[in-house]
Structures are given as structure tokens and as C-alpha cells.
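Notes follow once the structure below has been shown.
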Amino acid sequence: MKKFFASRFFKLIWSCSLALLLYYICPPCYSKIWLCSVLGILLVLINFNKFFGNLVWLTHISRFLVGGLFIFSGVIKANDPVGFSYKLEEYFEVFKVAVKGGSFEFLTAMFEGMAHIALPLAAILCASEIILGAMLLIGYKVRLTLWMLLAQISFFTFLTFYSACYNKVTTCGCFGDFLVLKPWTSFGKDVVLLVLITMLFAGEANIGALNSSLVNHTLFLIALTFSILFPIYTIRNLPLKDFRAYKIGNNIKDEMKFAPTYKPAEIETGFIYENLKTGKQEHFNLKNYPWADTLNWKWVKTDNVVVKEAVDAPKITDFTITNIDGENVTDSLLNEKNHSFWLIAYDLSKTEENATLMAEINDFYKLATQNRNNMVVFTASSPKMIDDFKHKHNLLADFFIVDGTVLKTMIRSNPGLMLMKNGTVIMNWHYNNFPSFTDTKQKYMK
């Protein structure tokens, strides 16, 4: 029996069976031609692994491509693990909604729990990408490395495929804000990595240690230390390299301007209807939606589809500030000629509020106002939460309402402080590095 399980015939049986299963369970959103092409390539690599294993040069090309891309992707995400955690929360929320009310509703609590630990999960995933890429390049624990690479890329391939197929998460977060990929592009990238990793399994014997055992162990420990400490540092501070539209030096008003070459996105109005007999939901457009067939179909929700992306769109499109009464005050705050301070607290229920920090904020506010510098707080929380928060910490600053997603993009800290002048971001600080007004005035308010 052992011989049979180790035979090429058994490998052919299980690989073909798995390929057929994937073919039949794959939703119609993905081209069957492309699916057959990918599955065909994987079947050839798996069943003719000895042939591909003899192509040493192919193994090394795959090794450096996979290792280099994993390290690059991990470092980019580790530069901003808080932003990556927001993307994970988005995925978990989508999965929670998808399983709710269905056969897998028992998973709802699991996805909800995972959303609560999105930040440590993000740090772990960043670190694992860096260390696995390094392990592959130096040839450390090759068998273990390959299986862990396969597990990780399988996980990301599923995420990006689900996002692309069901249009649930519009960007993958694979390379943070450095390179924003659409779900289908990201899925294609993951498929290529899956093929390359399969090729590495075929040429496993060619992946030798880069150097002596002592050197390899040393390189591994250096990579492991970096992969753990780097995301911890950027969580406790701010990203070392900022790729967002609200980075230091950018003028928010300029980032909101429309270029002469701007063309708006083309959006097709769509609808999700549920078949009352089968319970299956389908997408329709304005030409074929069954609005009159109330016996067989029930409207669920509007589901607009972007047919063509906008051309040269502004980097900032959704920045709006309103006061507690709902009045738009965006222009007045953006056009302040004097230095002003924006304290960003996107969700007051999640805001760090230890007594020392709150005392520092209150002292900063008093000194800023004495110096005739405005200091305001931006949040997406409700008026009642704002009122409770102000009374709890004796805050005198005025609160304004801004969309939560925008605030999370502006600064990766809750709360975080931004120094502004006439719409330009002069400086920003994590709450762990909350500055004194005197130092701020000397260094940045000239």
C-alpha cells in the first residue's frame, strides 16, 4: 500500500481529482478557458516533476522571484501593519455577511472574533512573508519553507479570488498604499506565485543552503528578528515611508483637484434579486431585472457595477468636514492661514484614552489656543459618544464629523495629531509620541 501511495499513478489520480473538483466548484465569474489553462499547468508540473526538477536554472529563477516578492510584499505591509489590519477587517466583515443565515452560519462568530484581532494577525502575516522569503533565499529548512509558502499563497489566492469574483473588496492590500492592485490583477499575481511555488516543489533538490550552517543560522535569526521588530515598531509609531495622499508635505486641497484629463467612472446600475423558489440570488441590470415578476423574484439590494474606471481621478475624493449640526465646514478648516492642529480619533470607543495622554492633549490645547492656533478633533462617532467623551476627559476642543474610513487613511493612530497650514500637512504624530507644544512651535511652526 505504501508503494501505491508513493507511485506516480496515485499522484496522477489525486491531482486530476483535485483539478476536477476545482473546475466544478469554480463560480462562473472566472473564465473556464483560463481555469483549464492554470489547472493544466499545475497538473503538468506535479506529474512531470522529475523533468522540471532537472531544469536547475528554472528552479533558481522561481526561487529568487518567489523569495524576493514575498520579502518585498512583507516589508511593504510591515511598513503599515495598521493599514493592512483595516483591510483584513474588511475581508472578515465580508465573510461574516456571506455565511450569515446560510449553512455555515456557525463561522460568523469566528470571523467576528478574527476581526477583533486583525492587528496582531496583520503583524504575524507581514512577519511570516518576510521570514519565509528569507528562508527560501538562504535555503533554510527548505521542505518546511515550501509547505508554508504553499499554505500562505493558497490562503491569499482564495481571498483575492473571492474579492474579484463577488466584487466585495475593491483592493487587495497586497502592497499597501505603495501599489494598489485591483482584485483580478492581484488574483493573477497569486496564481503566478502558486505556479512558481509548485515548480519549486519539483526542483526542491536544487535548493541548497546559501552558505555554511553557521552563516545560514545567523542570517535566519537576523531575518526573524527584523520581521518581528519592524511591524511592532511601525504599529507603535507611524509608517516609516508614507504612500498615502495625506502624507507630510501634501496639500489636501491640491489632492482634491480634478486634472484637465479627468474622466469620471462609468457605472452600470444593477440589482440583486432572490429567486423565491430556489433561494438563489442573481445579479441583473436595467435591461433584464425582473421587477414585474413578484411571484418568482424578490428584490434584495441595488448592486452597481463599475464598467470603466475613472481616468486621472483626484487622489482624495471623499474628504468632507461637518460640524455637530451637520453644516459643511470643509473650506473654512482647509483654508486656515495660520498653523492649526487636527486631532484624529476615528472611533472614540477604540481611542487610546489613558489619563497621561488625555492630560497631554488638554495641556497642548490650552497652549495652542493661547498662541492663537486652532485645535480641533475629527471623529466619525455619534454626537452622544462625543459628548460623553468630552465630559469624561474635560476636553475643550471642538469636535467635527469626518467619514471613519477617511480618518483611518489620514493617520494610522487613534488618536493621532496632524499639524496643518492652509491645507498642507506639515507634521503628524502617533499618540505614543505625542509632542509638547513648545517643541512643535520651535521645530515646525516657522
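The values are calculated or read from the model by the stated rules, or taken from the named source; none is laboratory data. Keep in mind that what you see is a predicted model, and the values were worked out from it rather than measured. Don't worry about glycine lacking a Cβ; one is built from the backbone with ideal geometry, like all the others, and counts go over all protein chains shown.
Listed by first and then second residue, the pairs linking a residue in the range 401-425 that is in contact (Cβ under 8 Å) with a residue 24 or more places away in the chain to a residue that is basic (Lys, Arg), with Cβ atoms under 7 Å apart and 6 or more places separating them unless they lie on different chains, are 409/244; 414/350; 422/337; 423/253; 425/247. Given the conditions (1) hydroxyl-bearing (Ser, Thr, Tyr); (2) within 18 Å of residue 428 (Cα to Cα); (3) within 25 Å of the chain's Cα centre (by Cα), which single one is not true for residue 340? (3) is the only condition that residue 340 fails. When 170, 157, 185, 198 are checked against the criterion of being closer than 18 Å to residue 74 by Cβ and either modelled with pLDDT of 85 or more or assigned by TED's automatic domain parsing to the domain that holds residue 92 (or both), a single residue qualifies: 157.
Residues that are within 18 Å of residue 240 (Cβ to Cβ) and not basic (Lys, Arg) within the range 390-416 comprise 409, 410, 411, 413, 416, listed in sequence order.
What about residue 368, is it under 20 Å from residue 430 (Cβ atoms) and without any contact (Cβ under 8 Å) to a residue 24 or more places away in the chain? Against the criterion (under 20 Å from residue 430 (Cβ atoms) and without any contact (Cβ under 8 Å) to a residue 24 or more places away in the chain), residue 368 does not qualify. Filter the range 305-334 for residues that are hydrophobic (A, V, I, L, M, F, W, C) and in contact with a Ser or Thr (Cβ under 8 Å, 6 or more places away or on another chain); which is farthest from residue 408 (Cα to Cα)? Among them, the one singled out is 311.
So which helices (runs of 4 or more DSSP H) stay within the range 151-265 end to end and still have 2 or more residues that are in contact with a helix residue (DSSP H, G or I) (Cβ under 9 Å, 6 or more places away or on another chain) and of a type in the set (Ser, Thr, Tyr)? Steps first, please.
Values: elements: 183-202, 213-236, 252-255.
Filter on the range 151-265 gives 183-202, 213-236.
Residues being at pLDDT 85 or above, out of contact with any His (no Cβ under 6 Å at 6 or more places or on another chain) and crowded, with 22+ Cβ neighbours inside 10 Å are entirely absent from the range 108-118.
Residues in the range 415-428 that are surrounded by fewer than 20 Cβ atoms within 10 Å (Cβ to Cβ) and under 21 Å from residue 357 (Cβ atoms): 427 only. So which of 61, 131 is touching a Leu at 6+ places or on another chain (Cβ under 8 Å) and of a type in the set (A, V, I, L, M, F, W, C)? Matching residue, one of 61, 131: 131. Here residue 85 fulfils each of the conditions (1) more than 30 Å from residue 114 (Cα to Cα); (2) touching a Leu at 6+ places or on another chain (Cβ under 6 Å) apart from (1).
Looking only at the range 220-232, residues that are free of Cβ contacts under 8 Å to residues at least 12 places away in the same chain and within 15 Å of residue 76 (Cβ to Cβ) come to 0 in all.
Residues of the range 31-54 being aliphatic (A, V, I, L, M) and free of Cβ contacts under 8 Å to residues at least 12 places away in the same chain, which ones?
Step one: list which residues in the range 31-54 are aliphatic (A, V, I, L, M), which gives 33, 35, 38-39, 41-46.
Hits for the range 31-54 are 33, 44.
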